[in-house]
Amino acid sequence: MKKWMTLIAASMALASVAVLAAPTTELKVGGTIKARACSFDIGNNGYITYDLIPSSQLKTGQYTALQEKSVDFAINCDAATALAIKVVDNRASSLVGGSEVGTAAGNVNDPHFVLYGLGTQDGKNIGAFRLRVPSVSVDGQPVSVLYGYLDWGSGGSAFYSYRGDIYKNYYTYFVNVGRTWAGKQYVGQMAVTPVLNKRELLPTSSDINLDGSVTFELFYR
């Protein structure tokens, strides 16, 4: 009996040794789900500058519009992407608004017209500037620019202006052949028209530096 038990114990020990010595290997499954990414570049390092503006050009009792200037922009994505661009006014508190300013900046009954602040000088608001997109193409295809509320369900790409008012949900759609667009490369121009405040409301005894600034934020569908 004791011998039999010893044999059983020995057999169990051998079995344990055999299990521990069994070769193993591992199969791993890996990969990366890459988030969509787009780069946004604006020509001239994002600056639109104006030459020296004589104070004599300022008008008493009227706003003074400067010549419209434009700069190229390009958005490059790693895959066809429907996107939106939110425009945040970094000088919103300095905005000089009103229908007269809008008219001076070229607004003719445009319900989507948006102005942005030009900064302050000695506590005085300098004025405002209009920002628009006169031309854009998507993957080499010219597209039209229309305005409306963003509807991702339509697959749209958009240019979105945000000032914390009714325009916070407005976008400029890139449209071709009656449908909104998604693409890998967006190329176009941005144009600005500054409007300076009335002469009597500006500190003309010292130099006045225009200081408009907006931030563009990309959103992907």
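The values are calculated or read from the model by the stated rules, or taken from the named source; none is laboratory data. Owing to the predicted nature of the structure, the values given are computational and were not obtained by experimental measurement. Cβ atoms come from the backbone with ideal geometry, glycine included; neighbour counts cover every protein chain shown.
Results for (1) at pLDDT 90 or above; (2) over 24 Å from residue 104 (Cβ atoms), shown as yes or no for each residue.
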| site | (1), (2) |
| --- | --- |
| 154 | no, yes |
| 159 | no, no |
| 169 | no, yes |
| 176 | no, yes |
| 180 | no, yes |
| 203 | yes, no |
| 207 | yes, no |
| 213 | yes, no |
| 216 | no, yes |
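Conditions tested, residue by residue: (1) among the β-branched types (Val, Ile, Thr); (2) surrounded by 14 or more Cβ atoms within 10 Å (Cβ to Cβ); (3) in contact (Cβ under 8 Å) with a residue 24 or more places away in the chain; (4) in contact with a Phe, Trp or Tyr (Cβ under 7 Å, 6 or more places away or on another chain).
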| residue | (1), (2), (3), (4) |
| --- | --- |
| 31 | no, no, no, no |
| 40 | no, yes, yes, yes |
| 44 | no, no, yes, no |
| 50 | no, no, yes, no |
| 58 | no, yes, yes, no |
| 61 | no, no, yes, no |
| 72 | no, no, yes, no |
| 75 | yes, yes, yes, yes |
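This table checks each residue for (1) among the aliphatic types (A, V, I, L, M); (2) assigned to a loop (DSSP other than H, G, I, E, B).
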position: 45; (1), (2): no, no
position: 51; (1), (2): no, yes
position: 61; (1), (2): no, yes
position: 67; (1), (2): no, yes
position: 73; (1), (2): no, no
position: 78; (1), (2): no, no
position: 85; (1), (2): yes, no
position: 93; (1), (2): no, no
Scan segment 98-116 and tell me whether some residue there is in contact with a Gly (Cβ under 9 Å, 6 or more places away or on another chain), surrounded by 15 or more Cβ atoms within 10 Å (Cβ to Cβ), part of a loop (DSSP other than H, G, I, E, B) and modelled with pLDDT of 75 or more.
no
Just to be sure, is residue 46 at pLDDT 65 or above and either within 30 Å of residue 210 (Cα to Cα) or acidic (Asp, Glu) (or both)? yes
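Rundown of residues vs (1) over 21 Å from residue 214 (Cα atoms); (2) more than 17 Å from the chain's Cα centre (by Cα); (3) of a type in the set (A, V, I, L, M, F, W, C), yes/no style:
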| position | (1), (2), (3) |
| --- | --- |
| 68 | no, yes, no |
| 101 | no, yes, yes |
| 107 | no, yes, no |
| 116 | no, no, no |
| 119 | no, yes, no |
